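Everything on this sheet refers to the single structure shown next.
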Amino acid sequence: MMTRRSDERAPSDVQSEGPEGGALSHRRNVPFWQTSRPLRAMLVSGVGFAALVALVGTASDGVVDPSVALAFCLVIACGELVRITLPGNRESAPIALAGAIAYAFLLSVGGDPVQHGVGQVVAVVALGVALGELPHVAVGRTPRVEDAARRVLVALLLAASFRPLAEYLSLTEPSILVTLLMTVLVALAWLVDVAVSAVLRAERLRTRLWVAGRDEARAQFATGVAISSSGVLIALACTVTGLVGLLVFSAPLLVSQVAFRRHAEVRRTYLETVRALSRVTEVGGYVENGHSRRVSRLAHGIACELGLSERELLELEYATLMHDIGQLSLREPIAGGATVLASPREQRRIAELGSAIIRETGVLDNVAELVRRQCEPLAGDGDEGVPPLGSRIIKVANAFDDLVGDSGDAERRTAVLERLRMDTDSEYDPRVVEALAGILNRS
């Protein structure tokens, strides 16, 4: 019988950012002209080129209404400076994006018409975004350039669609027509932004596009409504109140941003608490160091391959991190902590005890169910039917890591994978095993 060698400590050649981050990726160096994310590279380079052309053109032709341009540029820069990271590792800058939308829609300031064109809108927004990112770069926070590029892209799309129409229809004052036109265009721009972010997410996580699109639409709906409505209101208010409207109508968005930040921090703290609890079995010597994290990374990659939603990915991460917590009830630890080598009865006992511990939280019932059924065969036990997909994923990922550990030996990985394939008739879900094979092939 194949067993895990506890003396093997070679670092794994696979890594992941987990459900809050990206998919499995390679450690080996890749030449700068090659990239594993070509769509991201195309977006960043395309928006970067457009911004450069706009900046050069605006500098050559001169800035129209420089005081207005400066005010919006500073607001966008401040908004970028206080950007937040939302659940799902989504970077958002509500104030910056609302300011960009407002500048693209701006018709007049205090009754005085503004005449800036599409190029100046892109130049002001790109410059504001760049200035807001400089302090982050100075303290070592690497910006997510694709998210910054998306914000500039939204401003470009809105300016390119609205400003020619406004000039053609001679729109200079707020009206029902202007409000409807702004609302329709900002809704279309939001849909385009969701589509772009879904494509980037699908490329990063290697998941299905329609799943990424659904997750992005749900995650961005609340912030999208707040940002879009604020941008339209700022543009309309500035026609009457002047630049004062820019500050007045940015304030409610700042309050909303604080609430979004607190929600993200609560969720992040909760996840970090679960990750800390998962270390208990390692510190107590019940499992090898890094086992829970490796199983979590593998399970996350498999789940992305199979198209699980973001909510299911988060529950799966909780379950994989705590899947061995039931071993704390054992009098004598299993050799190497490899539950795959334990008897079926012992496996069920560990799973049930772990599930009972998790249920004590009162809020993780779905996670507890995934843990409880992780050791069941493919057809399930008793009358409950087939185990949930998350449980089947945990079973495969745990068995693989129990037998391989942190070994980077390709032959060993291949042998263990073939062993799992031989048991797909009764123990392991063949779809899950093949998804694991795809991940290993890419690594």
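Our estimate of slack between Met422 and Thr241, defined as 0.36 nm per intervening residue step minus the Cα-Cα distance, is 57.9 nm. Subtracting the Cα-Cα distance of Met42 and Ser309 from 0.36 nm times their residue separation leaves 93.5 nm of extension gain. Applying a length cut-off of 15 Å (Cα extent along the axis) and a mean Kyte-Doolittle floor of 1.0 to the DSSP H helices of the chain leaves 38-61, 66-81, 94-105, 118-138, 176-205. Treating r as the C-beta distance of Ala335 and Val283 and R0 as 30 Å, the FRET efficiency rounds to 0.95.
Ordering Ala130, Pro174, Ser92 by the projection of their Cα atoms onto the charge dipole of the range 73-175, which places +1 on the Cβ of Lys and Arg and -1 on the Cβ of Asp and Glu, puts Ser92 at the extreme positive end.
In square nanometres, what is one fourth of the surface area of the convex hull spanned by the alpha carbons of the range 90-135? Let's see the in-between values first.
Working: hull surface 15.8 nm².
Averaged projected area of the range 90-135's Cα convex hull equals 3.9 nm².
Can you compute the FRET efficiency between Asp61 and Asn89 using 1/(1 + (r/R0)^6), with r the Cβ-Cβ distance and R0 = 25 Å? Round to the nearest 0.05. Here the calculated transfer efficiency is 0.05. Return the carbon/sulfur percentage of the accessible area of the range 303-443, one whole number, probe 1.4 Å, all protein chains in place. Its accessible area is 49 percent carbon and sulfur atoms. Compute the separation of the alpha-carbon centres of the range 371-430 and the range 165-220 and state it in Å as a whole number. So the two Cα centres are separated by 42 Å.
By a 1.4 Å probe calculation restricted to protein chains, Cys375 has an accessible surface near 20 Å², given to the nearest 10. Sparsely packed loop sites in the range 256-293 (the GluC sites (Glu not before Pro) outside DSSP H, G, I, E and B with at most 11 other Cβ atoms within 10 Å) do not occur. Here the gap between Tyr168 and Val137, fully extended at 0.36 nm per residue and compared with their Cα-Cα distance, gives a gain of 7.0 nm. Each of Ala212, Gly385, Val244 was placed along the dipole of the chain (beta-carbon charges, centred on the mean Cα), and the one lying farthest toward the positive end is Val244. So if I take the centroid of the Cα atoms in the range 79-139 and the same for the range 300-325, what is the distance between those two points in Å? Their Cα centres are 36 Å away from one another.
The values are calculated or read from the model by the stated rules, or taken from the named source; none is laboratory data. For clarity, every value in this text was computed on a predicted model and none was experimentally measured. With ideal geometry, Cβ positions are generated from the backbone for all residues, glycine too; neighbour counts draw on all protein chains shown. SASA here: full protein model, heavy atoms, side chains in, ligands and nucleic acids out. Shrake-Rupley method; radii C 1.70, N 1.55, O 1.52, S 1.80 Å.
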